[in-house]
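Trainee: What follows is a structure written as structure tokens; I'll ask about it next.
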Amino acid sequence: MSDTETEDPTAKAEAYLAEIAAADTPDALEQVRIRLLGRNGAITASMRGLGQLPPDERRDAGARLNALRDRIAAALTQAADRLHRTALANRLTGERADVTLPVSPGLPGGVEPGRIHPISQTIDEIVAIFGEMGFVVAEGPHIEEDFYNFTALNIPPEHPARQEHDTFYLPPRPDGSRLVLRTHTSPVQIRTMLAQKPPLRIIVPGRTFRADHDATHSPMFHQVEGLVIDRTTHMGHLKGCLIEFCRAFFDIDDLPVRFRPSYFPFTEPSAEVDIGCSRKGGELRIGAGGDWLEILGSGMVHPKVLQNCGVDPAEHQGFAFGMGIERVAMLKYGIPDLRTFYESDLRWLRHYGFLPLDIPSPVRGALA
């Protein structure tokens with residue numbers, strides 16, 4: 001250690017800091033650190049020489065050396081961070097990829113466009129059609145209270161839909177009640193009626209969950225439901241709305257549509273909706289053909305459901321309907337097995353998927 005460093009340890013501080021700033025690689029910075037703070041470094045040597053000084057001088061010199069060491073350590077840390085960020089930026093620049101052009105060497109041109117899943121496509125088509133009728137999209141949680149999923153919809157305690165063999169329940173809460181994975185999108189109708197005053201006109205697409213799994217059922221599937229509440233709506237409006245939807249969705253102007261009496265706890269009267277089809281030669285064709293195919297359920301909203309939501313059934317009434325999105329997608333696009341929707345098979349998606357720029361509309365279907 002030189003006398004200059006002992007008498008004034010900050011004399012070379014600026015030179016040390018400049019040396020740190022000039023280091024342009026992590027290795028160069030490490031060499032500077034060793035020269036200054038290493039076991040035989042300049043500042044370390046000065047610290048060891050403090051013992052040779054008189055007590056009064058030792059205290060002042062030690063304070064100055066400690067301050068210098070802290071400045072050098074902070075500067076080394078900042079320089080290391082700077083070099084790390086620079087190296088990362090250089091690496092990202094060199095490894096940049098255009099994610100809009102996925103390369104598939106086995107295909108002509110080496111580029112394959114992405115495909116929209118039939119579920120997403122069908123939802124967009126349904127929303128587009130009902131959007132032209134004045135419906136707005138509403139959404140709600142997948143995990144529901146019993147009240148919204150069952151009680152408010154006039155579903156009695158003994159109804160099969162409440163049983164564990166048909167419904168997914170969460171573990172009991174401290175009060176003994178249990179949340180449920182919603183079995184339909186109808187809870188969104190309840191939430192909307194409780195939150196907003198009539199008139200209402202909503203369409204509700206979303207995931208639903210039931211304990212079933214085979215070629216035509218899935219434990220997770222998609223539904224879309226509609227709700228209209230006002231002072232004048234009647235069954236004729238329900239029929240006109242759904243007939244127009246069916247003909248627009250399947251793009252058949254004269255598609256036969258019929259309504260059969262049925263029962264649902266949340267509507268009265270209730271009706272199943274069938275569309276015309278033909279099964280000649282073992283092939284299903286949508287349209288006139290002397291046969292019928294059920295596609296959705298509907299009805300006038302039950303007065304008890306209106307009362308449960310704070311709507312006076314003496315002043316307001318309306319209709320509701322619901323359908324499985326997978327079911328109508330299978331019918332429209334000839335998909336034979338429900339399970340293939342969820343197998344993440346790119347070959348299947350390339351066959352049944354849709355081009356991203358082919359936007360659905362109520363007057364034009366999408367091209368595969």
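The values are calculated or read from the model by the stated rules, or taken from the named source; none is laboratory data. Predicted, not measured: the structure shown is a model, and the values here were computed from it. A quick note on method: Cβ atoms are made from the backbone with ideal geometry, for glycine too, and the neighbour counts reach across all protein chains shown. The accessibility values were calculated without ligands, DNA or RNA, using every heavy atom of the protein model including side chains. Shrake-Rupley method; radii C 1.70, N 1.55, O 1.52, S 1.80 Å.
Trainee: Can you spot a residue in the range 343-359 that is out of contact with any Lys or Arg (no Cβ under 7 Å at 6 or more places or on another chain), hydrophobic (A, V, I, L, M, F, W, C) and modelled with pLDDT of 90 or more?
Mentor: Within the range 343-359 (the criterion being out of contact with any Lys or Arg (no Cβ under 7 Å at 6 or more places or on another chain), hydrophobic (A, V, I, L, M, F, W, C) and modelled with pLDDT of 90 or more), the answer is yes, since at least one residue qualifies.
Here's the yes/no breakdown for (1) modelled with pLDDT of 85 or more; (2) part of a loop (DSSP other than H, G, I, E, B):
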site: A67; (1), (2): yes, no
site: D81; (1), (2): yes, no
site: R85; (1), (2): yes, no
site: G109; (1), (2): no, no
site: G140; (1), (2): yes, yes
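Trainee: Related question: Under 8 Å by Cβ, and 6 or more places apart or on different chains, what pairs join a residue from the range 48-66 that is closer than 14 Å to A11 by Cα and without any contact (Cβ under 8 Å) to a residue 60 or more places away in the chain with one that is assigned to a helix (DSSP H, G or I) and among the hydrophobic types (A, V, I, L, M, F, W, C)?
Mentor: Final answer for the pair search is A61/L50; L65/I43; L65/M47; L65/L50.
Trainee: Check whether at least one residue in the range 290-297 is charged (D, E, K, R), at pLDDT below 95 and part of a helix (DSSP H, G or I), and report yes or no.
Mentor: no
Here is a yes/no grid of residues against (1) at pLDDT below 85; (2) outside any helix (DSSP H, G or I):
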site	(1), (2)
M1	yes, yes
A15	yes, no
A28	no, no
V32	no, no
N40	yes, yes
I43	yes, no
R58	yes, no
A63	yes, no
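Trainee: When you go through (1) under 19 Å from I243 (Cβ atoms); (2) at pLDDT 95 or above one by one for Q317, which number turns out not to apply?
Mentor: Evaluating Q317 over (1) under 19 Å from I243 (Cβ atoms); (2) at pLDDT 95 or above leaves (1) as the failure.
Trainee: Within the range 322-347, how many residues are closer than 24 Å to L227 by Cβ, open to solvent by 10 Å² or more (accessible area, probe 1.4 Å) and in a helix (DSSP H, G or I)?
Mentor: Matching residues across the range 322-347 total 3.
Trainee: With the checklist (1) more than 30 Å from I116 (Cβ to Cβ); (2) surrounded by 20 or more Cβ atoms within 10 Å (Cβ to Cβ) in hand, flag the one item G290 doesn't pass.
Mentor: Status for G290: all satisfied but (2).
Trainee: Continuing with the same structure: What is the residue count in the range 142-189 for residues that are assigned to a loop (DSSP other than H, G, I, E, B) and open to solvent by less than 60 Å² (accessible area, probe 1.4 Å)?
Mentor: 15
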